[in-house]
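Asker: There's a structure below that I have some questions on.
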Amino acid sequence: MSSVDGTASVDGSGHTGVLLDFSLPDSEFLQQLEAKVQQLYGARSEEERRAAQSELTAFQMHPQAWVRVDKILDASESSEPSKFFALQVLESLIKYRWKTLPTETRESIKLYVQNKAILLSSSAGVTSRENELFSPS
């Protein structure tokens with residue numbers, strides 16, 4: 001159930017989904033995302049895992065989720081699973097909503113992806129794991 005301003009959601013347990021609060025500062029959002037990703041992969045119970053999965057899926061499905069992708073990918077503190085999650089959000093946007101975006105937005109996203117690819121392919125500091133993360137399957 002969405003709030004009046006559409007920034008947060010309530011899951012079945014009555015907890016507000018903080019990832020859907022787009023008014024959060026980027027640093028706080030990144031901390032919350034990392035916590036949810038860690039909860040998903042390190043859950044002690046199936047209930048914890050499902051709660052994390054539910055909130056991550058709700059975020060991924062939100063029409064504005066893509067605006068956080070660059071913050072996740074560019075943050076050095078983001079874990080590989082969080083970066084992979086961000087790439088899934090971006091992939092979904094490109095596959096299913098690309099033509100609905102304004103031309104300026106599409107061009108901006110294309111430029112970001114191109115610059116990121118160039119940076120990753122030319123940087124001596126890029127680890128092989130980062131190369132695997134961004135390589136086509």
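No value in this document is a laboratory result; all are computed from the given coordinates. Since this is a predicted model, take the numbers as computed values, not measurements. Every residue, glycine among them, receives a Cβ derived from its backbone with ideal geometry; neighbour counts consider all protein chains shown.
Asker: Specify the inter-centroid distance of region 21-40 and region 70-126, based on alpha-carbon positions, in whole Å.
Answerer: If we compute the Cα centre of each part, the gap is 18 Å.
Asker: How far, in nm, would the chain grow between L111 and Y96 when pulled straight, counting 0.36 nm per residue and subtracting the alpha carbon separation?
Answerer: Numbers: separation 15, 0.36 × 15 = 5.40 nm, distance 1.91 nm.
Here the answer is 3.5 nm.
Asker: What does the highest-first list of 101-110, 63-72 look like by mean Cβ count within 10 Å?
Answerer: Working: 101-110: 12.0, 63-72: 17.0.
Top of the packing list down: 63-72, 101-110.
Asker: Check which residues have an amide H placed less than 5 Å from G17's amide H, if you skip close sequence neighbours.
Answerer: Long-range HN contacts for G17: S9, V10, D11.
Asker: Right, something else. Sort S123, S92 so the one with the fewest other Cβ atoms within 10 Å of its own Cβ comes first. Walk me through the numbers on the way to the answer.
Answerer: Numbers: S123 11, S92 14.
Sorted ascending by nearby Cβ count, the order is S123, S92.
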